[in-house]
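As structure tokens, the structure follows; a few thoughts come after it.
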Amino acid sequence: LYAGLGLRGGRDTVVQVSEKFAMPIVTSASAIGIAAPNNHKNFMGSFGRLGTKPAYDVINGADLVLFAGSNFPFARYLPKDLKVIQINNVMADMGKQIPVEMGIVADGKEFLQKLLESDLGREETPFLKAARISKKNWDHWLDTRLRMTPKAFPRKVCFGQCGKTQRTMPFSGWM
């Protein structure tokens, strides 16, 4: 589930869909903490220039991605054979960045709420479990980098205050 700013105000819905359908959550960098909580077990981070390895792994390992509330400007970095279902309330944005298997013109949050009302669901998959392990390893790597250079620069909250994250990291630890 790729969640963009169009899902603002729908964090609980995004989490419920992720849990009901056993989908990892990836967001745009600008939607971190807005479209989904940073500390949820299915949240992998963002994909793109400011992305995380777990988000990259999920996007590149998926056979289908549900894009909701995003026009996704970094589509050129997606695998060429990835199937995409896009939910967007602007018809002109449908398929604008990447070819889509299915375009659904709707408000992303409302569509996801209706999806929750369905009798459909899915048990946790090995893919989701592997994604969680990847995220745990990523978090450990970040924490290790932080401990390696604790006095290099003043600490800043990773990705600002939008996600109210507890993880801090000196900017020298990014690369």
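The values are calculated or read from the model by the stated rules, or taken from the named source; none is laboratory data. Just so it is clear, the structure is predicted and the values come from calculations on it, not from any experiment. No Cβ is skipped: glycine too gets one built from the backbone with ideal geometry, and neighbour counts run over all protein chains shown. With ligands, DNA and RNA removed, areas are computed over all heavy atoms of the protein, side chains included. Shrake-Rupley method; radii C 1.70, N 1.55, O 1.52, S 1.80 Å.
Could you estimate the translational diffusion coefficient of segment 1-147 from the Stokes-Einstein equation, with Rh from the Kirkwood formula over C-alpha pairs, at 4 °C and 1.567 mPa s, in whole µm²/s? All intermediate terms of the calculation are to be shown ahead of the outcome.
Details: Rh = 15.2 Å.
Translational D for this selection: 85 µm²/s.
List the residues of segment 10-37 whose backbone N lies under 12 Å from a point placed 7 Å from the Cα of Gln113 along the Cα-to-Cβ direction.
Residues passing the 12 Å test: 10-14.
What is the gain in length, in nm to one decimal, between Met148 and Ala22 on full extension, counting 0.36 nm per residue of separation less the C-alpha to C-alpha distance?
Working it through step by step, the gained length comes to 41.8 nm.
Return the aspartates and glutamates within reach of Lys136: Cα separation strictly under 19 angstrom, same-chain partners fewer than 8 residues apart disregarded; answer none if there are no such residues.
In chain and number order, the partners are Glu19, Asp57, Glu124.
Quick check: the distance between the Cα centres of segment 65-117 and segment 6-60, to the nearest angstrom?
Distance between centres, Cα-based: 14 Å.
With a/c under 1.5 counting as rounded, go ahead and sort segment 6-50 into rounded, prolate or oblate using the C-alpha gyration tensor (a ≥ b ≥ c being the square roots of the eigenvalues; past the cut-off, prolate if a/b is larger than b/c, else oblate).
oblate
Run the quick spin-label model on Arg49 and Phe127: label points 7 Å from Cα toward the beta carbon, then report their separation in nm to one decimal.
2.9 nm
Expressed as a whole percentage, what fraction of the accessible surface of segment 4-52 belongs to carbon and sulfur atoms when a 1.4 Å probe is rolled over the protein heavy atoms?
Details: 900 of 1800 Å².
About 50 percent, which is the carbon plus sulfur part of the accessible surface.
Ranked from highest to lowest mean number of other Cβ atoms within 10 Å per residue, what is the order of the peptides 72-84, 54-66?
54-66, 72-84
For the pair Lys41/Asp63, report the inter-label distance in nm, with labels modelled 7 Å from Cα in the Cβ direction.
Between Lys41 and Asp63, the label points sit 2.5 nm apart.
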